[in-house]
Amino acid sequence: MKEVLFVVFLLSFISVRLSVTNLSCDKNKSHSSCHKDNGIAGPGDVIISEIMPDPLPPVSLPEEEYIEIFNRTKNTLIINNWSLCVNDRSVFLPPAEILPGEYIILCSRTDTAVFNKYGRVIGLKSFPALPAGEAVIYLTDEKGNLVHGIEYSSDWYGNSLKESGGWSLEMIDTDFPFYTEGNWRVTCSDKGGTPGERNSIWAENPDLLFRGIENVYPEDSVTIKVRFSESVPFPLNENHLFSVEGKSVERIIPSDALWREFRITIAEALEMGKVYSFSADENMSDFAGNTIARMKYDFGLPGIVRKGGILFNELLFNPLPDNPDYIELFNCSEYIIDASKLYMASIDTRDGDTSDIRQVSEERRCIVPGSYYTITIDRDRVISGYFSSDPYAVYETSSLPSMPDDKGHLLLMNRETEMLDEVVYTEKMHYSLLSDVEGISLEKIRPDLSSSESSNWHSASESSGWGTPGARNSSYSGYTQPEEKITLSSGKISPDNDGYEDVLLIDCDPEGIDNVITVTVFDETGSYVRKLSENYLAGERATLIWDGTADDGSLVRTGIYIILIQLYDDKGRTDTWKKVCTVVR
């Protein structure tokens, strides 16, 4: 009888174990891998939920650094041969289990006694130091796979007093562990942190957006480096997730610890100078399950940039209070340009001294032909402040050259310090009837016009939000197909700075290369209004601009105006044209 009872018990036990084993894990709000109750953790199952990178001066916690980890699952998980890494330093964690919903404090082995009263502690023989400024911290399993990680910054504090030390950084919503931007903040605990317990700032803070591709750059003709806005699930074994102009993808491997950057190897080599489109599958998602927003990115093998290949196109040098300057460039060449090979400097207009040279981009980026490239020290403020901006063409840099509010002189150079372009700007280049130019950018009428001619610049329109960083200028006027040597952009202008026919463009397309042009404006009675140019060396082609103002800067009255163009060529011949333009106010 005992034997029968034992067999029945054994069969019941096996049945229960099989039932438990076959139960799938609850699908939580994160796109974490779904694991059975076998003690194995997947990405996002155990997370870094709190860090103390600068414990001095202390509030009331120990004067030591610590990292808190948290088991988000309903399973007991095994920590065996896991590694804790801080930048390039790593240390093995001792074998242990972490219970469902349990917090563990990681610290130096010599500090375990002072942290014991706050919860369960695991002391590490060589606890890696946490830099106060910024660092990458991540956990890997016994196979080296990412479990969780963050790249923190002292900017997360948002409080200069607490940033000075003694306060921890905590995750807001642990249901979205790979949502780092906006999901971390300084603790509000009066102790200076909450090691071993739920974070003081805990709140619902869902990850609702996966911005997608942030950069694509060819390391060589068959290797492409791709960076996403946040960590993405790996392994990406399905090579069809990515495509490069139909070229087959052979291999995908992560190139950073947090699975944000990947190296893609393609079968056929890229051609020099050709623009390619890198595409991600529209169903690709982040760990939170958000589908990708930006799934295409243009790139190619860059060439050598020469003078005139890339030009200044828009400047914001007098921003609103607490807002940053920005500088926009335009690639008017037929070649792909590496932004990291571009440098800027400013010249002090008072003493002629040149400032330190600033690199346009700290990382390699492709500026493809016909595209805009805007740099600023605060990307988010520029994008939110100018609704006509193109967020995909605005990039953050650590510093800009000096840009005084009243006037300045900017230089653009390549790595060989060859001058590519320069502009001397003043606030007087703005539309003369604007009462206040603060927060208003200066734009080129056409991107390929000379930056050194002040008449080629105009104030951004009010209808565009006073600036168009990364997008086509509000004052832009395209070329018309010339039917004769002199062509006007329109038969009328309305100089009200609304972005529509604010200026008159006079396109001169004479024969030969040694042409001198004089352009004068008269009213319908023949009275002199303004001299737009005098003995201007036009070359093969030139564009002159009239903004509807007289010599004294005042706006002319509504009426008909005569544009007199006189041309002298290298053979001594003289041509004269009279064109009519109506000013409507």
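Please compute the contact order of the range 445-577 in relative form: average sequence separation of alpha-carbon pairs under 8 Å and at least six residues apart, divided by the residue count, as a percent.
Reported relative contact order: 20 percent.
How much of the accessible area of the chain, probe 1.4 Å, is carbon plus sulfur, in whole percent?
Exposed carbon and sulfur together represent 49 percent of the surface.
How do M284, M419 rank by accessible surface area computed with a 1.4 Å probe, from largest to smallest?
Descending order: M419, M284.
I need to check one value: relative contact order of the chain, counting alpha carbon pairs closer than 8 Å and at least 6 residues apart, in percent.
7 percent
Pairs of lysine in the range 29-133 with Cα under 30 Å and at least 8 positions apart or on different chains: total?
Here the count comes out as 5.
Using only DSSP helix segments of four residues or longer, with each worth -39500 (n - 2.57), what per-residue ellipticity at 222 nm results for the chain after dividing by its residue count and rounding to 500?
-1500 deg cm²/dmol, from helical runs alone.
What order do L532, L410 take when sorted by accessible area (1.4 Å probe), most exposed first?
L532, L410
I need the shape label for the range 311-354. Rule: rounded when a/c is under 1.5, else prolate if a/b > b/c, else oblate, with a, b, c from the alpha carbon gyration tensor.
Since a/c reaches 1.5 but b/c is at least a/b, the shape of the range 311-354 is classed as oblate.
Measuring from label point to label point, each 7 Å out along Cα→Cβ, what is the L56 to S454 span in nm?
Modelled inter-label distance: 5.6 nm.
Defining a contact as two alpha carbons under 8 Å apart and six or more residues distant in sequence, what relative contact order in percent does the range 397-480 show?
That works out to 21 percent.
So for the pair E204, E181, with labels modelled 7 Å out along Cα→Cβ, what separation do we get in nm?
Roughly 2.4 nm, to one decimal.
Which sequence of K191, K407 reflects their accessible areas, 1.4 Å probe, from the largest down?
Solvent-accessible surface, decreasing: K407, K191.
Cα to Cα, under 28 Å, and not fewer than 8 places away if on the same chain: which lysines meet these conditions relative to K492?
The qualifying lysines are K428, K444, K531, K578, K579.
For the range 347-440, I need the span (max minus min coordinate) of the C-alpha atoms along each principal axis, in Å, sorted largest to smallest.
Per principal axis, max minus min of the Cα coordinates gives 40, 36, 25 Å.
For the range 440-457, what does the Karplus curve 6.51 cos²θ - 1.76 cosθ + 1.60, with θ = phi - 60°, yield as ³J(HN,Hα) per residue in whole Hz, taken in order and with x for Gly and Pro?
Couplings: 10, 8, 9, 10, 6, 5, 9, x, 8, 6, 4, 6, 7, 8, 4, 5, 7, 10 Hz.
To the nearest 10 degrees, how steeply does helix 2-22 sit against the main Cα axis of the chain, on a 0 to 90 scale?
10 degrees
For the range 247-275 and the range 182-237, what is the separation of their Cα centres, given in Å?
22 Å
Within 9 Å, Cβ to Cβ, of W577, how many net charges do the neighbouring residues add up to if Lys/Arg are +1 and Asp/Glu are -1?
That works out to +1.
Can you compute 3J(HN,Hα) from phi for each residue in the range 413-422, using the Karplus curve 6.51 cos²θ - 1.76 cosθ + 1.60 with θ = phi - 60°, rounded to whole Hz and x for Gly and Pro?
10, 9, 5, 8, 6, 6, 5, 9, 6, 8
Taking Rg and Dmax of the Cα atoms in Å as the quantity of interest, determine which of [x] 31.5, 126; [y] 39.6, 158; [z] 23.3, 70 was computed from the displayed structure.
So the structure-derived entry is [x].
For I304 and A129, FRET efficiency with R0 = 56 Å and r from the beta-carbon atoms, rounded to 0.05?
0.85
Sequence neighbours fewer than 8 away in the same chain don't count; with that in mind, list the aspartates and glutamates whose C-alpha is under 12 Å from K296.
Correct list for K296: E214, E245, D281, E282.
In straight Cα distance, which aspartates and glutamates are under 12 Å from K485, not counting same-chain residues fewer than 8 positions off?
Straight-distance partners of K485: D507, D509, E511, E540, D575.
Please calculate how many Å² of accessible area the chain carries per residue, with a 1.4 Å probe and no DNA, RNA or ligand atoms counted.
Accessible surface, normalised per residue, equals 47 Å².
In terms of the Cα gyration tensor, with a ≥ b ≥ c the square roots of its eigenvalues, is the range 96-163 rounded because a/c is under 1.5, prolate because a/b exceeds b/c, or oblate?
oblate
The values are calculated or read from the model by the stated rules, or taken from the named source; none is laboratory data. Quantities reported herein were computed from a predicted structural model and do not represent experimental measurements. Backbone-built Cβ (ideal geometry, glycine too); neighbour counts: all protein chains shown. Quick note on the areas: whole protein, heavy atoms, side chains included, nothing else; ligands and nucleic acids left out. Shrake-Rupley method; radii C 1.70, N 1.55, O 1.52, S 1.80 Å.
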